[in-house]
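Here the structure comes first, spelled out in C-alpha cells, and everything after it is commentary.
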Amino acid sequence: MKTTKKLILLFALLLAAFILNGNSSYAKTTPVNDEEELIAAIEGASDGDVIELTTTIKLSTPLEITDKVITIDGKGNTVTKDESDWHTSSANGTLITAGSTPEKSAKVTLKNLTLTKAEKYGAQAYNKGYLVLDGVTIYDCGYGGVISNAGTVEVVNLHLGQNGQYENNGIELAKSAAIKDDDNNPKLIMNGTLTSTEDVNVVYIAINDALSTFEVDNTENTTNKIFVNGDKLVITDQNNNIIFESNSTDKVAGNGDTFIPNVTITVYLMEDAATNISVISGTTISMEALQSQIDLKALGFENYTIEGFYTDNAYTTKFNFENPITADVTMYAKLAQNQTTTPAPEATTPKDETPKTGVQGNIVLALSVVALSSLAILTLKRKDI
C-alpha cells in the first residue's frame, strides 16, 4: 500500500511539473484588426507570442517595443502611417522599433509584412534592440527603409523599394548621439535574400560623428552576403558577384569579412572558340570540376572529349591544378574526337522466291495427271469391250 501511495504521489508531482512547464513556454497567437488592438496585443504579449494582422493597420503614432520577444505576422497586410492623424512625442518617426530597457532588449520578428509611408524609417533596431525581417517589403519611407541604430538587423527575406526623400536609402547603419555606450554599435546580419528596385545606397553608412565602427556578418546558409571592400560595403549574389555597394566611408568595420573578388578562367577549345569560368580568387579548382562547367555540346563539340588542360596552345605544358588561382588565367583544352563504331549489318534470311504452287502444287498436278491417266485407261477398256 505504501509503495502504491508513493507511486501515485510521484506521478502527481511529475504531472504538475509538466503542466507548469508547458504553461510557462506556451506561446499564443493574437489576431488584431486595428491600431488599438495591435498596441494592446503588444503590451499583453509574453515572450514567443505571435500577433497576426487581419487587415491593413494605420498608425497614428510610432510603435516602440522595448522588452518583448515577439513576432508580428502581417499575413500579407500593410502597416502605414495614418496621414490624417500622425503624431509623435519624440524624435522617432519610425513605424516599428525594436528597442531595449536597462534590463532587457527586445527581439521583434516582422513577417509577411509591408511597411510604407513612414515619416522617417519603416523599421528600426535601436540601442541593442534586435530586428528580424522575413518576407518584408519596405518602400516610400521619408528617411530610409531600415535603420540599425546601434542595434542589430537580421535580413532573412527583405525587398526594398525607393526610400528617402532626396536619394535612396535602403538599410542604414548609424549610431545616435544619444547612445553613449562605446561598445554598442550597429550590426547587420545577412541570413537569406536582399532585393531592391534601386541600385544606389541599398546599404548606407551614416556620416555622423557618433558612429565610429560597425559590424557585418553572414550566416552559413545565406544567399546574399555582405562584405567589407575597401572603404565600402558590398552585397554579393550566390556566385560572389557584387550586386549592391554602399557609399564610401571612413568608418572602421569592427567586424566583417573582407570581400574576395572573382577571377576568370578563359578556356580555349579551338583557336576561336573559348568559354569563361568564374571562381573566387585564391581558391583551387580540380580538373574534373572545371570539365563539369564546360558544356561541349552547347559550344558545338558534342562528339569530343577533353583530354587535358594546358598553358599553351601547342599543348606542351599541362596546367597545374594544385596551385590556387589568384588572377585571371587562360588555359587551352586539348580535345579528342570520340570514336564512333558503325554497327555490323544484321544477318538477313534469303528471301524465299519459291512460288506458292511449288511442292504442294506439283503433288496436286501429279495426282491430277494420274487421275486423268486412269480415267483415260478406263475409257479405253470400256471401248474395247
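Throughout, read-outs are computed from the coordinates displayed, never taken from laboratory work. Fair warning: this is a prediction, and the values are worked out from it, not measured in the lab. Because the Cβ atoms are built from the backbone with ideal geometry, glycine has one as well, and the counts that use them run over all protein chains shown.
Summary of computed values
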{"read-out": "Neighbour-count order for Tyr26, Tyr139, fewest beta carbons within 10 angstrom listed first", "value": "Tyr26, Tyr139"}
{"read-out": "³J(HN,Hα) computed for each position of the range 254-263 - Karplus, 6.51 cos²θ - 1.76 cosθ + 1.60, integer Hz, glycine/proline x", "value": "x, 8, x, 6, 7, 5, 10, x, 7, 10"}
{"read-out": "Thr116, Thr330, Thr236 arranged by Cβ crowding within 10 Å, fewest neighbours leading", "value": "Thr330, Thr116, Thr236"}
{"read-out": "Karplus-derived HN-Hα couplings along the range 205-218 (A = 6.51, B = -1.76, C = 1.60, θ = phi - 60°), whole Hz, x at Gly and Pro", "value": "9, 4, 9, 6, 5, 5, 8, 10, 8, 8, 10, 9, 8, 10"}
{"read-out": "Restraint check, Lys111/Lys180; Lys68/Lys180; Lys297/Lys318; Lys28/Lys75; Lys120/Lys187, Cα-Cα greater than 28 Å", "value": "Lys111/Lys180"}
{"read-out": "Fewest-first sequence of Leu113, Leu63, Leu296, Leu158 by Cβ atoms within 10 Å of each Cβ", "value": "Leu296, Leu63, Leu113, Leu158"}
